[in-house]
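This report concerns only the one structure given below.
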């Protein structure tokens, strides 16, 4: 695997810049991460970080509403933005002769957003976001799990507890003053990482970055997040049963696990792949193929970098299989790995699959840029992109078995069990979260 | 809110000189058993995609066995080959490679993406999966049961329910396109192992199979590996199958699927479109980009940005060998269902009134031209593009001339395409939502006769 080339520097304003050249095709990705997400929201303003992301497409001093989309589409580029618990990203891939346009657009909204904000734009985007909420959460079978799982897994005062999409009431309460305050606090160069990956000239590109981003002043600093730290175990198995408009029971079972990028993370990630990645995984083999009690099974880590990560197992029952039976069958497989550990062959299969998927994802300039922004935002170190595979290759069966023994026991579980609703009553909405695109 | 002074004041920059780009070059080879190989060497990262295009789509299924194409595709690697104790799919995974096969309307595509180091083993397994599947009865029964669970789940899933119901409203019941590509409960339940074996014997034949290899490999190595894996496979090409595409009706109608407690209405609005090889393809593609294909298209700007009715609204032509659906798809709050449908109808109806202005036309043309290299960054995207070319019988210079063909579309051609291929008088409006909130205002639109269906999709007379 060839190393991804990286050139990293900062502007005096604190903006971190990562450049990664690749001239195989005349395209370039411009990717900007702001280190702010729903965790930074104040009480009564759930959903604001995501609503704010929508407002960033509503124009700035030199750009009309939706013109960012229009100019990038006219240039032959693709673009979007997304909001997560602790970061918001904005990204476009354009033909390489349009790099300067993309930088100008991102800089104009980092420097000059507020003159373009109006009440009418805010009201329209509020409606768009409410429809996004209905579409992804309220009108989808099992759609509430994105909100219910963090609400169950993080204590009520924890920044990851509340809904990323936000409640309808809080969305209604958001004002232009909130937009101005959020912008001044979080959308500053010293709270951002700019990555440019693909076909560009490094000297010319540094000059563009200096010209367009250089004058934007550093911020006054953001308020610290509340204490994020959590004990390594839940302490018990907290179960929530959710009657919903669904045909088949589905169990979502989560364990606290080491945060993304920490020493124990890779063993946890490999354990997730052994449990639920593809057809040869434990859950697919035992529950879908052999015992045929599940129609689908997967497992994955959330990849959170603060407080605690979550390893999540997600299994949907076959018709005729009761919710209780589903929970028993999943618990049996998890208990087995918790008490007996894993084999070297299972680790080899999981690491080989993860490696192929990492290499495959790095083919696109956009995903290379996004990974580089991620490592720089969270660790200040984009070079981590080049050591990720080595970390996975170093994981042994003993590492995974130790992880399973420490973290997969009945003292470290929360679960949502969706069951077909019988009485026609809709359960009350709860706070929660989801990663969402603009 | 305060009005800050501008911190920067730069005008919009001009683009630089564009750099040339060509679709990856590829070479074709024909083996003595009729199998064709297309190789596109791309040496960016150590990864290769191997894919087979097989004339085994849903349209070639026997009557009353709809779904057998998909079950056959999914069962290819489910068994053991030869004396091996391990199932093929598991052997792929030990290489870090995931094998997948999916039946589309006209073809089945089987593919595997692997790191270069495991390519030789992956191609050998790929050959076993295509030429010597053992189709264990138990696995076939399991795949059937999984499809039946999917069908159950789709009834509760408003988007899937809307998509499934829309094609039924669109096509005459005799057309294969009127039924789900993966089959309905009755026909899937009826499938036996013998049906799967018969379908495979009849349709999986090297005389009509093309293997595409794209990525970090030389043409010579690809040829050697594919010949070893598939060169001794025998079988003449089957007769190509094609669906009929006659519409269910030639006048407007509303199809209301009642879903109690729906938080939103799923809307589908459209009619039968046109076949992929129609000479108006490029004009229609540009026309659709402006109508509802792009974020800044007329329909999305109207429904999302001007009115806030929806998170997104888009239009599509679903390109198939026969005429696939044309549709506008969106989801809106219940109380604005009729208003959103009205606005979409307005955009469709007036599109053909005048040719687009030069600046509007450029939005689509410049996008389709500029985005072309961004579409082919990965080996799987390159291999899939070549598979599409083969499946539709497009010329080998199709991708080399694509951008010129887009650039040649004139405002008049777009207007002509809209007049010829948008049929406001034939539109079918399908709604999945809460009847008590949406029926009255929708009936007041006087769009056409209304047919009502229950939440399991059964029409009520």
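The values are calculated or read from the model by the stated rules, or taken from the named source; none is laboratory data. This is a predicted model, so every value here is computed, not measured. Cβ sites come from the backbone with ideal geometry, for glycine too, and all protein chains shown count toward neighbours.
For this structure, a couple of remarks:
- In this entry, residue B:432 is excluded by the filter for residues that are in the same structural domain as residue B:319 (by TED's automatic domain parsing), buried (at least 21 other Cβ atoms within 10 Å of the Cβ) and assigned to a helix (DSSP H, G or I).
- Filtered residues of the stretch B:257-287 (kept if part of a helix (DSSP H, G or I) and either out of contact with any strand residue (DSSP E or B) (no Cβ under 8 Å at 6 or more places or on another chain) or within 14 Å of another protein chain (Cβ to nearest Cβ) (or both)): B:281, B:282, B:283, B:286, B:287
- Those residues of the stretch B:133-162 which are in contact with a helix residue (DSSP H, G or I) (Cβ under 7 Å, 6 or more places away or on another chain) and more than 19 Å from residue B:196 (Cβ to Cβ), in sequence order: B:154, B:155, B:160, B:161
So that you can scan it fast, the table gives a plain yes or no per residue for (1) part of a helix (DSSP H, G or I); (2) modelled with pLDDT under 95; (3) within 30 Å of residue B:39 (Cβ to Cβ); (4) under 18 Å from the mean Cα position of the chain (by Cα):
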position: B:302; (1), (2), (3), (4): yes, no, no, no
position: B:327; (1), (2), (3), (4): no, no, no, yes
position: B:331; (1), (2), (3), (4): no, no, no, no
position: B:356; (1), (2), (3), (4): no, no, no, no
position: B:373; (1), (2), (3), (4): yes, no, yes, no
position: B:383; (1), (2), (3), (4): yes, no, yes, yes
position: B:386; (1), (2), (3), (4): yes, no, yes, yes
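- Residue B:142 vs. criteria under 28 Å from residue A:293 (Cα atoms) and surrounded by fewer than 18 Cβ atoms within 10 Å (Cβ to Cβ): no
- Residue A:352 falls short on exactly one of the conditions (1) touching a residue at least 40 places away in the same chain (Cβ under 8 Å); (2) closer than 23 Å to residue A:403 by Cβ; (3) in a helix (DSSP H, G or I), and that condition is (1).
- Of the residues making up the stretch B:201-218, those that are buried (at least 17 other Cβ atoms within 10 Å of the Cβ) and in a helix (DSSP H, G or I) are B:203, B:206, B:208.
- Some residue of the stretch A:321-339 being within 14 Å of chain B (Cβ to nearest Cβ), buried (at least 17 other Cβ atoms within 10 Å of the Cβ) and either free of Cβ contacts under 8 Å to residues at least 12 places away in the same chain or out of contact with any helix residue (DSSP H, G or I) (no Cβ under 6 Å at 6 or more places or on another chain) (or both): yes
- Those strands (runs of 3 or more DSSP E) of the stretch A:1-41 in which 1 or more residues are surrounded by fewer than 18 Cβ atoms within 10 Å (Cβ to Cβ) and away from chain B (no Cβ under 14 Å) occupy A:7-10.
- Test for residue A:367: is it farther than 22 Å from residue B:91 by Cα and in a helix (DSSP H, G or I): yes
- Number of the condition not met by residue A:172 [criteria: (1) in contact with a helix residue (DSSP H, G or I) (Cβ under 8 Å, 6 or more places away or on another chain); (2) surrounded by fewer than 16 Cβ atoms within 10 Å (Cβ to Cβ); (3) not in a helix (DSSP H, G or I)]: (3)
- Summed over the stretch A:274-296, the residues that are closer than 19 Å to residue A:347 by Cβ and either buried (at least 22 other Cβ atoms within 10 Å of the Cβ) or touching a residue at least 12 places away in the same chain (Cβ under 8 Å) (or both) give a count of 11.
- The number of residues in the stretch A:119-151 that are more than 7 Å from chain B (Cβ to nearest Cβ), free of Cβ contacts under 8 Å to residues at least 60 places away in the same chain and farther than 24 Å from residue B:156 by Cα comes to 3.
- Per the conditions (1) within 13 Å of another protein chain (Cβ to nearest Cβ); (2) in contact (Cβ under 8 Å) with a residue 40 or more places away in the chain; (3) surrounded by fewer than 22 Cβ atoms within 10 Å (Cβ to Cβ), the sole criterion not satisfied by residue A:60 is (3).
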